[in-house]
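**Q** Handing you this structure, nothing more for now.
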Amino acid sequence: MPVHVNEETLVFHLQTDHTSYIFKIMKNGEAGQVYFGKKIHARATYSNLMSREWRDASPSLSEENQNFQPSTIKAEYSSFGKGDFRYPAFQVTQENGSRISELKYENYLLLDGKRRLTNLPSTFDETKDDAQTLILSFKDQITGLTLNLNYGIFPHQDIIVKSAKFINSSSENLVLNRALSSQLDLPDSNYDLIQFSGAWARERHLYRNQLRPGIQNISSLYTSSSHQQNPFMMLARPQTTDEQGEVLGFNLIYSGNFLDSVEVDQYNTSRVLIGINPDEFCWNLAPGSFFQTPEAIISYTSDGMNQLSQQMAVFYSKHLVNPRFTNEDRPVLINNWEATYFDFSESKLMKIVNQAHQLGIEMFVLDDGWFGHRDDDTTSLGDWFADKKKFPNGIEHFSQQVHDLGMKFGLWFEPEMISIDSELYRNHPEWMIHDPKSTPTPGRHQFVLDMSRPEVIDYLFNLMGHIIESAKLDYIKWDMNRAITEMFSSQLTKNQQLEMPHRYILGVYKLYDRLTTAYPSVLFESCASGGGRFDLGLMYYAPQAWTSDDTDAAERMLIQFGTSYGYPQSMMGAHVSAVPNDQTGRITSLKTRGDVAFFGDFGYELDITQMTPRALSQIKKQVTFYKQYRRLFQFGKFYRIDSPFSKNGNYISWQVVSDDQKESIAALYQLLNHPNSPYTRFYFKGLDPNRQYRVNDDTEIYYGDELMNAGYFVPSIVIDGQESKDFYSRLFIIKAVK
Ligand code: DGJ
C-alpha cells in the first residue's frame, strides 16, 4: 500500500519502494510538510519533525496559538498574507481586491491507479503498476473556493506526481494570479542546485552551484520551455556524484512559461516551487469553473544521479510516453535538411532515398521547404500543401516511391507558424498573434498563429490530417522556430489577456491530442529550432525530440550528456552530419560522429550522394551495427561516467547496459589529444559483478567486479588501427560469456 493515512492524526504518508513523503494537517487547517527522503517507518505522528521553537517578532496563528508561526513552518501548499513571507504556491484575488485565502482541510480521497488529466499531458498507470492517487480537499473560508491537491504515487520508480486544481465553488468571480503545481519545503539548505541551461545550439549544459540565502529561479518567458533553461533541475548534497549520494529531481509536464524556484529563508529552510511561471499568467475563475495546473514530478534517491536519471527514464516510458511507442524500436532515419536545405527537387531527393535504401536506412524524412512556394525561410508557413514545382505529382507520389522501397516516410511541419507571404495570411490575417496597436516583431521572417482559437486548430488538423492520410505518413517532425512576441488575442477580453500564454499551450496540446488520437501509428518528433522545447509535456505526445541543431560531434557530447540527466536516450534525436560541421566548422571523423549519435535515436543528415565509396561503406557498417544493438542504445540503462562538465572535461564517457546485464556498450571520447598522455583506465558501470565478460574481441575474460573496480586498460596510442587524435572515440562492446 503506497499511501498510509492516519485518520486521527491526519498524517499522510506516501511510501514508494525507497522513499517516504509525509505531510500532515496542521492547527490552521492547512497541510504541513513533514518529510521527503529515504523511506522511513509509518507512524501515527511525527511531532519531532514538525517541532519549531517560538521566534520573536514572527506573526502567530492567534493569541491562543502563539507557538504556531507561519513563517517558521514547512508548508505543503502555502498562501501569502497570513504570516508566511516566503513566496507562496498560489494566490487568488477576490472581487473586492483582497488576496487573502484561509484554506481549511475538508477531506481526502484515495484511489487505486492514476488517471490522466483532461486537456493536459499527464501521467497514467495503464500497466497496473500499483500506482495510487490521493486527492486532498481544502475549502477557502473567505470565498468558498475549493482547492484539491492531487498526488500520484508510483511506488516502483520512486516518483511522486503533484498537481493542484482550483474549483470556484463560490458565487463571486475570482482571479488566480499564481498557481504552482508543487511546493516542497525542505528542512535545510545544504544542497547544490543543478540546472541545465544554454542557448540555441548549446542546449542543456550542466551548471552546479551551492544554494545561497534568497531566491534562485530557473524560468522561461518564451512561451516555450526554451533553449535557455529547462524545467528539469536537481538538488544534490554537496558530496553527491553520479555514483552516490542524495539527490532530488524536479520536473514539470509542461511546454510553456515555467518557474522552478528555490527560496532559502532565514532558517535555512529551502522552499522549492515548480509550476507555470506566475509572471505573464492569470486565470479568471467564474463561479462553477475550475483551473487544473500541470503535473510536477518529484523524485529522490540516496544512490546518486545515475540512479535518479534511470528511475525517471523507466517512469516516463511506463507512465508518460504514448504506450503505442513504449517498446517500439525507433527507425534509423535520414533527414534532408543539412543535405539540401531549401534547394531540392523530387529527383534530387530520390537519389538520396535510393542511396539510403542501399545503406539500410529505414526512413526518409522530408524537412522544411516542401510546401507552398518555400525556397527560403521567408514564405508559405501555414500553406500545408505540396509545392507543385518541387513535387509535380504531389507528396503522395513521392511518398509512394519511398514506401515502394520498403522505407518509411516522414514529413516536417511547423504548424504553429504563419508567413505574411502565404495563402493562410491572405485569408486569415486575424489568426496571427499580434497587438493591433504595435508593429509585429518578426522572428526568422515569420509570425505565430493564435493557437488558442479553435478554428486555427481545426484548420491545422484538417490540412495535416489530409496529408497524413494521402501520403500515408509514418512520422512527423513538428518544428517551432521562434518565440512569441506581442502576446495578445483580440478574441479575449481585457481581463483575459494574461491567460493567453497558457491558452496557447493548451491549443498546441489540443492539436497534438487530436492528431495522435486520429493517427495513432504516426511517430511524432518534436523540435523547436533544435532543443528549444525539450520537455515532458511534449514527450507525452512525441516520444522523440530533436535534441539540438548543433550536430557537431564534440558539441553533442556535452549536449547529450547534459540532457541525459533528465531525459532518456530514446527521446534524443541524434544524427551524423557532414564535416566541416555547419554550426562549428569543426572536422571530426565519421567514426566519432557515429559513436556519439548511436546513443540516441540514430540517423543521418548529410548528402550521401556526394560521399566516397569508402565513407558509404562505413555508413553501411554503422547502420548495421546500430540495428544490431538498437534496443540497447535506445532503451538500455544509461550510465554517465566521465563528465565534460567536470574539471578534467577532456575525456567524456558513458555506457548503456541491458536489463539482464548480459550486454553493454560503453563509449569513451577524447576532446583534445595530448602528447605522451597519462595512462587511462576505464571503469565500467552496471555490470553483474559475478558474471564473466569479454570486451570487444579481447582474448581475456574478465569478471564484472574486476571491470568495474579495477578497470580496463585503454591504450592511448593505437586501437582499431587508428591513432589517437583530437575528437577521438572508442566503443567497448561488453558481452557476458556463457
Ligand atoms: C529548425 C530545426 O531544428 C531544423 O532541424 C530544421 O528542421 C529547420 N528548423 C527547418 O527550418
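**Q** Based on the Cα coordinates of region 285-407, what is the per residue volume of their convex hull in Å³?
**A** On the way: hull volume 29.2 nm³, N = 123.
Once divided by residue count, the hull of region 285-407 is 237 Å³.
**Q** Kirkwood Rh over alpha-carbon pairs of region 450-511, then Stokes-Einstein at 10 °C and 1.306 mPa s: what D in µm² s⁻¹, rounded to an integer? Present the calculation step by step, with values, prior to reporting the outcome.
**A** Details: Rh = 13.2 Å.
My calculation gives 120 µm²/s for D.
**Q** State the three equivalent ellipsoid semi-axes of the chain, derived from the C-alpha gyration tensor as the square roots of 5 times its eigenvalues, in descending order and whole Å.
**A** 44, 35, 21
**Q** May I pose another question? Put +1 on the Cβ of every Lys and Arg and -1 on every Asp and Glu Cβ in region 331-636; which of Trp337, Pro415, Ala553 then has its Cα farthest towards the positive end of the dipole?
**A** Towards the positive end, the residue furthest out is Ala553.
**Q** Pop a pseudo-label 7 angstrom from the Cα along the beta-carbon direction at both Ala518 and Ile100 and give the gap in nm to one decimal.
**A** Here the answer is 5.2 nm between the modelled labels.
**Q** With a 10 Å radius around each residue's Cβ, average the other Cβ atoms per peptide and rank 294-301, 488-495, 30-37, highest first.
**A** Working: 294-301: 25.9, 488-495: 13.0, 30-37: 21.2.
Highest to lowest by the protection proxy: 294-301, 30-37, 488-495.
**Q** Also, I was wondering about something else. If packing is taken as the average count of other Cβ atoms within 10 Å, what order do 309-318, 353-362, 672-681 fall into, highest mean first? Please list the in-between numbers first.
**A** On the way: 309-318: 22.5, 353-362: 19.4, 672-681: 9.9.
So the peptides 309-318, 353-362, 672-681, ranked by packing, come out 309-318, 353-362, 672-681.
**Q** For Asn6 and Ile215, compute 0.36 nm times the residue count separating them, minus their Cα-Cα distance, and round to one decimal in nm. Kindly include the intermediate steps, with their values, before the conclusion.
**A** Working: separation 209, 0.36 × 209 = 75.24 nm, distance 3.47 nm.
71.8 nm is the gain from fully extending Asn6 to Ile215.
**Q** Neighbouring Cβ atoms within 10 Å as the yardstick, rank Ser255, Ser122, Ser724 fewest first. Present the calculation step by step, with values, prior to reporting the outcome.
**A** Values: Ser255 31, Ser122 23, Ser724 17.
Going from sparsest to densest Cβ surroundings: Ser724, Ser122, Ser255.
**Q** In addition: Give me the Debye-computed log₁₀ of I(q)/I(0) at q = 0.20, 0.27 Å⁻¹ for region 252-307, equal point scatterers on Cα only, no solvent, two decimals.
**A** Relative scattering, expressed as log10 I(q)/I(0), comes to -0.95, -1.12.
**Q** Near the amide H of Glu102, under 5 Å away, which other amide H atoms are found, from residues 5 or more places off or on another chain, if H is placed in the peptide plane?
**A** Answer set, sorted by chain and number: Gln141, Ile142, Thr143.
**Q** For region 331-636, what is the Kirkwood estimate of the hydrodynamic radius, computed as the reciprocal of the mean inverse distance between distinct Cα atoms, to one decimal in Å?
**A** Working: mean 1/r = 0.0500 Å⁻¹.
Result for region 331-636, one decimal place: 20.0 Å.
**Q** Next up: Over region 640-736, what is the relative contact order in percent, taking alpha-carbon pairs closer than 8 angstrom and at least six residues apart? Let's see the in-between values first.
**A** On the way: 178 pairs, mean separation 30.8, N = 97.
Value for region 640-736: 32 percent.
**Q** Rounded to the nearest 20 debye, what is the charge dipole size of the chain about its Cα centre when +1 sits on each Lys and Arg Cβ and -1 on each Asp and Glu Cβ? Numbers along the way, then the final one.
**A** On the way: 70 positive and 89 negative charges, 194 e Å.
Dipole magnitude for the chain comes out near 940 debye.
**Q** How long are the semi-axes of the equivalent ellipsoid of region 247-357, defined as square roots of 5 times the Cα gyration tensor eigenvalues? Whole Å, largest first. Walk me through the intermediate numbers first.
**A** Values: eigenvalues 341, 107, 54 Å².
For region 247-357, the ellipsoid semi-axes come out as 41, 23, 16 Å.
**Q** Using the number of other C-beta atoms within 10 angstrom as an exposure proxy, rank Lys128, Lys104, Lys637, Lys738 with the fewest first. If you can, show how the numbers build up before the last one.
**A** Working: Lys128 8, Lys104 13, Lys637 21, Lys738 5.
Arranged by neighbour count, lowest to highest, Lys128, Lys104, Lys637, Lys738 become Lys738, Lys128, Lys104, Lys637.
**Q** Next question. Kindly flag which residue pairs out of Lys39/Lys738; Lys162/Lys494; Lys647/Lys685 have an alpha-carbon separation exceeding 27 Å in this structure. Walk me through the numbers on the way to the answer.
**A** Working: Lys39/Lys738 38 Å; Lys162/Lys494 31 Å; Lys647/Lys685 21 Å.
Cα-Cα > 27 Å for Lys39/Lys738; Lys162/Lys494; rest within.
**Q** Still on this structure, please answer the following. So for the chain: antiparallel DSSP bridges make up what percent, rounded to the nearest 5? Could you put the intermediate results ahead of the total?
**A** Working: 132 of 161 bridges.
For the chain, the DSSP antiparallel bridge percentage is about 80.
**Q** Suppose R0 equals 51 Å. What FRET efficiency, 1/(1 + (r/R0)^6) with r the Cβ-Cβ distance, do His156 and Glu469 give to the nearest 0.05?
**A** Details: r = 40 Å, r/R0 = 0.78.
Given R0 = 51 Å and the Cβ-Cβ separation, E is 0.80.
**Q** Which value in nm describes the separation of the simple spin-label points at Glu126 and Arg586, placed 7 Å from the Cα toward the beta carbon?
**A** Spacing of the two 7 Å Cα→Cβ label points: 4.0 nm.
**Q** Can you classify region 359-455 as rounded, prolate or oblate using the Cα gyration tensor, where a ≥ b ≥ c are the square roots of its eigenvalues, rounded means a/c under 1.5, and otherwise it's prolate if a/b beats b/c and oblate if not? Provide the component values of the computation, followed by the final result.
**A** Details: a/c = 2.64, a/b = 2.40, b/c = 1.10.
Prolate shape, in that a/c is at least 1.5 and a/b is the bigger ratio.
**Q** Now a separate question. Compute log10 of I(q)/I(0) for region 640-736 with the Debye formula, placing one identical point scatterer on every Cα and leaving out solvent, at q = 0.10, 0.21 Å⁻¹, to two decimals.
**A** Result of the Debye calculation: -0.26, -1.09.
**Q** Between Ala615 and Arg43, what length in nm is gained on full extension when 0.36 nm per residue of separation is reduced by their alpha carbon distance?
**A** Details: separation 572, 0.36 × 572 = 205.92 nm, distance 6.56 nm.
Value of the extension gain: 199.4 nm.
**Q** Under 20 Å Cα-Cα from Lys627, which lysines qualify once same-chain neighbours fewer than 8 residues away are excluded?
**A** Lys408, Lys591, Lys637, Lys662, Lys735
**Q** Once Rh for region 489-609 is found with the Kirkwood sum over Cα pairs, what is the Stokes-Einstein diffusion coefficient at 4 °C and 1.567 mPa s, in µm²/s?
**A** Details: Rh = 16.2 Å.
Translational D for this selection: 80 µm²/s.
**Q** In addition: How big is the equivalent ellipsoid of region 593-641 along its three axes, where each semi-axis is √(5λ) from the Cα gyration tensor, reported in whole Å from largest to smallest? Each step should come with its number before you reach the end.
**A** Details: eigenvalues 113, 23, 15 Å².
Over the Cα atoms of region 593-641, the ellipsoid semi-axes are 24, 11, 9 Å.
**Q** Using the per-residue mean of other Cβ atoms lying within 10 Å as a proxy for protection, in what order, highest first, do the peptides 74-83, 685-694 fall? Don't skip to the answer; put the middle values down first.
**A** Working: 74-83: 20.9, 685-694: 17.2.
So the peptides 74-83, 685-694, ranked by packing, come out 74-83, 685-694.
**Q** How far apart, in nanometres, would the label points at Asp279 and Ala57 be if each is projected 7 angstrom from Cα along the Cα-to-Cβ direction?
**A** 3.0 nm
**Q** Considering all alpha-carbon pairs of region 85-187, what whole percent are spaced by more than 17 angstrom?
**A** Numbers: 3055 of 5253 pairs.
Considering region 85-187, 58 percent of its Cα-Cα pairs are separated by more than 17 Å.
**Q** Also: Hey, what do the phi angles of region 684-692 turn into as Karplus ³J(HN,Hα) couplings, whole Hz, using 6.51/-1.76/1.60 and θ = phi - 60°, x for Gly and Pro?
**A** Here the 3J(HN,Hα) series is 6, 10, x, 7, 7, x, 9, 9, 9 Hz.
**Q** Local charge sum around His156 (other residues, Cβ-Cβ under 9 Å, Lys/Arg +1, Asp/Glu -1)?
**A** Details: positive: Lys318; negative: Asp17, Asp129, Asp130, Asp158.
Its environment carries a net charge of -3.
**Q** Also: For the chain, calculate the relative contact order in percent as a whole number, restricting contacts to Cα pairs under 8 Å that are 6 or more residues apart.
**A** Working: 1789 pairs, mean separation 71.8, N = 738.
This gives 10 percent for the chain.
Each reported figure results from applying straightforward, stated rules to the coordinates on display, with no laboratory input. Predicted, not measured: the structure shown is a model, and the values here were computed from it. Reconstructed Cβ throughout: ideal geometry from the backbone, glycine too, with neighbour counts over all protein chains shown.
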